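Report on the following structure.
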Amino acid sequence: MAQQANYALPAGYQLDEYRIEHQLSLGGFSIVYLATDNKGETVAIKEYLPNSLALRAEGEIKPLISEEHIPAFRYGMKCFFEEGRALARLSHPNVIRVLNFFRANDTVYMVMEYEHGRTLQEFIQKNRAVVTENFIRNVFTKLLNGLREVHSHKLLHLDLKPSNIYMRNDYTPVLIDFGAARQTLACDTPMLKPMYTPGFASPEHYHQREFLGPWSDIYSVGASMYASLAASAPQAADSRMEKDKLIPAMVRWEGQYSDQLLETIDWCLCLNHLYRPQSVFALQKALTEKVNKPKLIKKNWLGHMVGKFKGKTGTS
């Protein structure tokens, strides 16, 4: 089915107790608005509106959903609503705060605190000189504090990437735009394509979704650290499973960053989920480990990785 464009709600529209100011972003799954509440506070509102199932025409308020797509749309709406309910229970400085969620216009809305800053994606593209080892360690250690809180509530993020890590003006990272509802949707409704992001999604996002767990988010953290150094996404996991062409961090940035940091990134990016850090705590421990000076390279391990990259060894 061809993807279609959805029109946003108009500026000035009164949605429950919120006034829509303007659209902030439009994706395949939702539309995000800047709005003000009845106290004059600024908020961000995410509207569930997957463009493969629902179409809002220009000037309309309610989306048009064809008969065949109603079950899938309603199921996705239920997942989105439950995601909002789960996130509303979280209160952590490194996780976006969900203030409210409600049904209106035949769909569901999630109201979040509006953060001032920019995404890590925008930040690293415009400030390459700032991406030092200390920067990477500080940002991702704080981010992992938030992810630990998420995992402790039996939730997964499942769409972790630099464009979903928001950097406040004081450089504090915030996890935004959880992909949990999308993943559930993708599993249960064949007419919806999986909404993961190539390069950042773990191998188990593509196949064997029953293996999705904290280690899946950890793969995405490793991919985000790699992308922060490379200024581009690493090779997609499904492609790596066929032919792994990803240059290990230990090879690509040898001598530019500590071996310990580069080894940690490569550890997160193991294709086999059992070989990755199994918990956020284990990864945080590695990221906060004191590095006095670059240690001697593990010759055998690095030799294997270089040989593997050049196609001289077999499996990962």
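Readers should treat all values here as calculations from the given coordinates under stated rules, not as data from a laboratory. This one's a predicted model, so the numbers in the text were calculated from it and none came from an experiment. We place every Cβ from the backbone using ideal geometry, glycine too, and count neighbours over all the protein chains shown.
Listing for the model above:
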quantity: Residue match in the range 196-204 (condition: surrounded by fewer than 21 Cβ atoms within 10 Å (Cβ to Cβ), part of a helix (DSSP H, G or I) and touching a helix residue (DSSP H, G or I) at 6+ places or on another chain (Cβ under 8 Å)); calculated: yes
quantity: Among residues of the range 214-246, those that are surrounded by 16 or more Cβ atoms within 10 Å (Cβ to Cβ) and part of a loop (DSSP other than H, G, I, E, B), counted; calculated: 6
quantity: Evaluation of Arg56 against (1) charged (D, E, K, R); (2) out of contact with any Pro (no Cβ under 8 Å at 6 or more places or on another chain); (3) within 22 Å of Asn100 (Cβ to Cβ) (one fails), failing number; calculated: (2)
quantity: The range 200-216 residues that are under 21 Å from Ala233 (Cα atoms), paired with ones that are basic (Lys, Arg) and part of a helix (DSSP H, G or I) (beta carbon under 8 Å, 6 or more apart); calculated: Pro203/Arg240
